[in-house]
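For reference, the structure is listed below as structure tokens.
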There are 2 protein chains.
Amino acid sequence: MERIAAMNIADQIYSATDSATQDRAQAIRDQLRDAIVDRRLAPGTKLSEGEVGTLFDVSRTVARAALQMLSFEGLVRTERNRGAFVANPSPEEARQVFASRRLIEPGIAIAACGRVTAADIAAFKAQLDEEGRFIAERGPTARRSEIKASGDFHLLLAAVAGNAILQRFMEELVARSSLVIALYGRSGVSACGHSEHTEIVGALGSGDCGLASRLMLHHIDHIEADLDLRVRAGPALREALNF
Amino acid sequence: MERIAAMNIADQIYSATDSATQDRAQAIRDQLRDAIVDRRLAPGTKLSEGEVGTLFDVSRTVARAALQMLSFEGLVRTERNRGAFVANPSPEEARQVFASRRLIEPGIAIAACGRVTAADIAAFKAQLDEEGRFIAERGPTARRSEIKASGDFHLLLAAVAGNAILQRFMEELVARSSLVIALYGRSGVSACGHSEHTEIVGALGSGDCGLASRLMLHHIDHIEADLDLRVRAGPALREALNF
DNA sequence: GCAAAAAAGATTGCATACGATTTATGTGCA
DNA sequence: TGCACATAAATCGTATGCAATCTTTTTTGC
């Protein structure tokens, strides 16, 4: 039941972006992006055109278009004559992702606060329930769903803010954040993040836009503080070996 | 001589983005984008794959990739089985473009202010000279160059800010702004904009980051204030007829 | 046994071909 | 004349083929 509610939220989020869903490439991109954000595809994984094509039962032409889209979003890195790989963001890139979010999301919180409706608040509540359920559960599947739900909160906020351009920027930033957390995350951000999401919704509900904005800024700082962005031998080696 | 200096600036701006310039599609995209930003291609102009292909002497495959890139940037709108058209932003889209810039650019000004070097200041000065020269000149060619130079100022600032992600967002926003101004611009923003650019560089040079940020915000407001975003019969009709 | 060169294999870049869909044109009928 | 319908042209969506490039394996020389 609430699963259906969550689906509706997701639909609502995507409907603004994929309104004129042009072709199959878009669908493949969405599936691949979900897989990357859910960490079913690890950073550095090779995504060959042929493999993707046969997997989705389309020609290389279509697969290539999907990979090109992901490349624009920064989720895959393509090298000429070598192919596409799930992005392996450097610590510097990670810092830039979060610097961008620190700049944009407080403003999005204010915009959303100024436009939020009772129905939106209800959607946020459903979203928070969804998050809470996955935190309670155990196992890798619940973990993935939790990561996705956590990102969806930020996307829902961007949707409520009502600016399609910023919404698309946020989709990119949230997706890339997921990669960054996968690579550099130290602990489970989950419990801490969920309570902060709840506080933000509270501020939205009471119409305190300044508070919502400040809470968002702190929330992002907390997520970034959980990262270990020191250059490690592991990832550097893996990147050097093109793994 | 200063023309060469300007080229270097442009190279500097693009080098961060097109570092791994993968193929010819990128080059075609750049040329088309320049043409759109320069208003040599009017909003609504049809860009058929075949035409673009023969024009640049490549196959439809490559032309299509270039158009897809422009579609992601919001510079062209593609309709399934109908083709690609230079984007025709609605007043609502125009508002969103400038709302995004109001949110992002003051922060970029602060970031740039914190990292600006003497060499950067010199580059800004060269950029301002470039702008000034085109304002002084007359004729449509100078006009186009002036529009481009005005946008390049904002892109240079984004480059100095040192965040590749925000830089790319700004490239998109500046390009779309050019379309918006082409459609809804009332007067020549030029003289006013140039003096404001000069003030911003002054603030950067004296290290007053707060001032630079405020000046940027006012600058964006001034540009937007020059727009006439009321729904007009003209554009609405043209859009309805898919022209 | 090891290093370097050469060949084989795999994968991408790009062009072209064909079916599907849309748009333009022409014809018959009221 | 005006409208409906059928036909033709143009354009897009997608698959496939070939050359170029990169990677891996094998071979060869020392």
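The values are calculated or read from the model by the stated rules, or taken from the named source; none is laboratory data. Note that this is a predicted model, so its numbers are computed, not measured. In this analysis, Cβ positions are derived from the backbone assuming ideal geometry, glycine residues included, and neighbour counts consider all displayed protein chains. The area values use the complete protein model at the heavy-atom level, side chains included, leaving out ligands, DNA and RNA. Shrake-Rupley method; radii C 1.70, N 1.55, O 1.52, S 1.80 Å.
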Between B:ARG133 and A:ARG138, take the C-beta separation as r, use R0 = 51 Å, and let me know the FRET efficiency to the nearest 0.05.
-> 0.15
Relative contact order (%) - criterion: Cα under 8 Å, at least six apart; region: the stretch A:91-225 = 41
Simple spin-label estimate for A:ARG82 and A:LYS125 in nanometres, 7 Å along Cα-Cβ | 5.2
Sort shortest first the distances from B:ARG138 to its counterpart in every other copy, using label points 7 Å along the Cα-to-beta-carbon line, and give them in nm.
-> 8.2
Can you list, shortest first in nanometers, how far B:ASP208 lies from the same residue in the other copies, with each label 7 Å from Cα toward Cβ?
-> 3.5
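Rounded to the nearest 100 Å², what is the buried accessible area between B and A, both sides summed, probe 1.4 Å? Walk me through the numbers before you get to the answer.
On the way: alone 12240 and 12250 Å², together 22080 Å².
That pair of chains buries around 2400 Å² in total.
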Round to the nearest 0.05 the FRET efficiency obtained for B:LYS46 and A:ARG40 when R0 = 30 Å and r is the Cβ-Cβ distance.
-> 0.15
List every residue whose amide H lies under 5 Å from the amide H of B:LEU41, counting only residues 5 or more places away in sequence or on a different chain, with H placed 1.01 Å from N in the peptide plane.
-> B:ILE36
Sparse-neighbourhood loop sites, trypsin sites (Lys or Arg not before Pro) in the stretch B:142-218 - DSSP loop, at most 11 other Cβ within 10 angstrom = B:ARG186
Between copies, how far apart are the A:ARG24 label points? List them in nm, one decimal, shortest first, with each point 7 Å from Cα toward Cβ, please?
-> 2.7
Taking r as the C-beta separation of B:SER90 and B:GLU199 and R0 as 25 Å, the FRET efficiency to the nearest 0.05 is 0.20
